[in-house]
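Scroll down for the structure; my scribbles are underneath it.
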Ligand SMILES: [Fe+2]
């Protein structure tokens, strides 16, 4: 379920890659609130209690989805494991494992969602974009805020506000964060940023345990 070392079929890479009642409860609640609340901001606020329940529960995340990944496209041994993926790319739940002292690249997400800490501690640095975004290869960024997060603490994503950030593990063990986002995050073309030089590079992080659709299929999701 959390590695690619078995037979592949479409069915094994979508839906509940990890089938646990705690995960089903959150996905069910997300689908219910998506139908009931049209406003993204109101919807992510309404999802906080269900998301917090998943973060507070023990025993549902397999060890195989909470270990570093030496083949990571993000570098630093960072592991990104799909737990749930909607067939139509409208929703995903994944774990992100950041080894001790490692940092993600500065990146965006391009969808509303919630992120919370399940194990360890992270330091999050959020950037504000100062240019108008018209040049796809350059961005002027400044730090908007920094925060430390421990188990059970969560934040919401509501692009374009606060959508560019990086996280670093500051605990003595790898951090594991849980992400619920309204896209197929690891497979959509996102961006990585170099704040010093302003360089922006197209970026698809990929899941450690599930393939992305062919490049041509992903272009429609390019932000
Ligand atoms: Fe992120």
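Quick notes
- Cα shape, segment 85-223, gyration tensor, a/c 1.5 rule: oblate
- Candidates 125, 71, 156: whichever shows maximal mean-square fluctuation once the chain is modelled as a Gaussian network with Cα springs under 10 Å: 71
- Shape of segment 140-185, Cα gyration tensor, a/c cut at 1.5: oblate
- Ranked list, fewest to most other Cβ atoms within 10 Å of each Cβ, for 171, 95: 171, 95
- Per-residue ellipticity at 222 nm computed for the chain from its helices equals -5500 deg cm²/dmol, with DSSP H segments shorter than 4 residues left out and the rest contributing -39,500 (n - 2.57).
- Taking a ≥ b ≥ c as the square roots of the eigenvalues of the Cα gyration tensor, an a/c ratio below 1.5 marks segment 1-158 as rounded.
- Extension gain, residue 16 back to residue 128 (0.36 nm per residue minus Cα-Cα distance, nm): 36.9 nm
- Cα centroid separation, segment 22-98 to segment 167-190 (Å): 9
- Here the simple spin-label model places points 7 Å from the Cα toward Cβ, and for residue 100 and residue 88 these points are separated by 4.6 nm.
- Using 0.36 nm per residue and subtracting the Cα-Cα separation, the extra length available between residue 31 and residue 197 on full extension is 55.7 nm.
Where a number appears in this text, it was derived from the coordinates with a stated rule and is not lab data. Given the structure is predicted, the values throughout are model-derived calculations rather than measurements. In this analysis, Cβ positions are derived from the backbone assuming ideal geometry, glycine residues included, and neighbour counts consider all displayed protein chains.
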